[in-house]
1. Provide a single number: the residues in the range 129-153 that are at pLDDT 95 or above and open to solvent by 50 Å² or more (accessible area, probe 1.4 Å).
2. Could you run through the range 175-213 and say how many residues are without any contact (Cβ under 8 Å) to a residue 12 or more places away in the chain and acidic (Asp, Glu)?
3. Within the range 97-137, take every residue that is part of a loop (DSSP other than H, G, I, E, B) and among the charged types (D, E, K, R) and give me the one that is nearest to LEU185 (Cα to Cα).
4. So in the range 15-27, with the set limited to residues that are open to solvent by less than 30 Å² (accessible area, probe 1.4 Å) and in a strand (DSSP E or B), which one is nearest to LEU218 (Cα to Cα)?
5. Answer yes or no: is there a residue in the range 28-48 that is of a type in the set (Ser, Thr, Tyr) and open to solvent by 30 Å² or more (accessible area, probe 1.4 Å).
6. Given the conditions (1) in contact with a Phe, Trp or Tyr (Cβ under 7 Å, 6 or more places away or on another chain); (2) at pLDDT below 95, report the number of the one that ALA195 does not fulfil.
7. In the range 68-121, what residues are buried (at least 16 other Cβ atoms within 10 Å of the Cβ) and closer than 21 Å to ALA38 by Cβ?
8. Can you pull out every residue in the range 166-183 that is within 21 Å of PHE4 (Cβ to Cβ), assigned to a helix (DSSP H, G or I) and of a type outside the set (S, T, N, Q)?
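The values are calculated or read from the model by the stated rules, or taken from the named source; none is laboratory data. From a predicted model like this one, the values you see are computed outputs, not experimental measurements. When we count neighbours, we look across all protein chains shown, and the Cβ atoms used for this are built from the backbone with ideal geometry, even at glycine. For accessibility, only protein heavy atoms count, side chains too; no ligands or nucleic acids. Shrake-Rupley method; radii C 1.70, N 1.55, O 1.52, S 1.80 Å.
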Amino acid sequence: MELFPAIDLRGGKAVRLVQGDYDQMTVYSDQPWEVAQAFRRQGGRNLHLVDLDGAKEGAPVNLETIRRIVSAGGFFVEVGGGIRTEQRVAEYLEMGVSRVILGTAAVTDPAFLDRMVARYGGRIVVGVDARDGRVATHGWLETTELDSFAFCRDLRRRGVQTVIYTDISRDGKLAGTNLEAYRRLCGIEGLEVVASGGISALEELRQLDAMGVAGAILGKALYTGRLRLDEAVALVQNQAGRRER
């Protein structure tokens, strides 16, 4: 299982929201690139970057901050937030982003998603944000009638390889993640599942890894000290070592 420390960007700063509420925001750093390097020193090799302004506005806003983080090198970087045109997809990939996350566009413009998957393959992943089991869009500000699990099954049928699934009710609460949701998702044949939202204990990482989750996004738990990235990295490396023996 891969670990993805998260850096959420708003106004060029590293922030965290509670349950996607823009009015419940904590600023952790006005130099997000330094946050990234701190993760690197703790053994991190992946980054999950979200342009929160972009998710809300429908177009990337924190582009230069992301460019600075990516250009420093040393990470497999995935980026999401307001990516709704091929020009933006191409721009991120050309600057060195490893994979691009489509969220709202995957729901509102499935033909666009299909074109991007056909063109870029596994470098396109879909962020499925769920509120009470329904898919949310536009920076979590709107909730559709789409069943989130059925939507994930449909994404796999259409060629999507990886889904980042977030239970919004758990995000930023430090109250634990929705393990049952990930058990259900791991039953979708051929779909790589990345868990996001509420992960706050090493035991949760053990369980996610054991059930076959491909990745886990760590956010507020890292910023508050509830989890240490170096300990989480050591855990998943040890788990992988035991499986190989």
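1. 5
2. 2
3. Here the answer is ASP132.
4. Going through the range 15-27, the residues open to solvent by less than 30 Å² (accessible area, probe 1.4 Å) turn out to be 15-18, 20, 22.
Subsequent filtering for residues that are in a strand (DSSP E or B) retains 15-18, 22.
Values: VAL15: 13, ARG16: 11, LEU17: 13, VAL18: 14, TYR22: 19 Å.
If we take residues in the range 15-27 being open to solvent by less than 30 Å² (accessible area, probe 1.4 Å) and in a strand (DSSP E or B), then ARG16 is nearest to LEU218 (Cα to Cα).
5. Going through the range 28-48, the residues of a type in the set (Ser, Thr, Tyr) turn out to be 28-29.
If we keep only those that are open to solvent by 30 Å² or more (accessible area, probe 1.4 Å) as well, we get 28.
Within the range 28-48, one or more residues are of a type in the set (Ser, Thr, Tyr) and open to solvent by 30 Å² or more (accessible area, probe 1.4 Å).
6. That leaves (2) as the condition not met.
7. Of everything in the range 68-121, those that are buried (at least 16 other Cβ atoms within 10 Å of the Cβ) and closer than 21 Å to ALA38 by Cβ turn out to be ILE69, VAL70, PHE75, VAL77, GLU78, VAL79, VAL97, SER98.
8. In the first step, residues of the range 166-183 are kept if they are within 21 Å of PHE4 (Cβ to Cβ); the result is 166-179, 181-183.
Keeping just the survivors that are assigned to a helix (DSSP H, G or I) gives 168-170, 179, 181-183.
Once the filter is applied, which keeps residues that are within 21 Å of PHE4 (Cβ to Cβ), assigned to a helix (DSSP H, G or I) and of a type outside the set (S, T, N, Q), the range 166-183 yields ILE168, ARG170, LEU179, ALA181, TYR182, ARG183.
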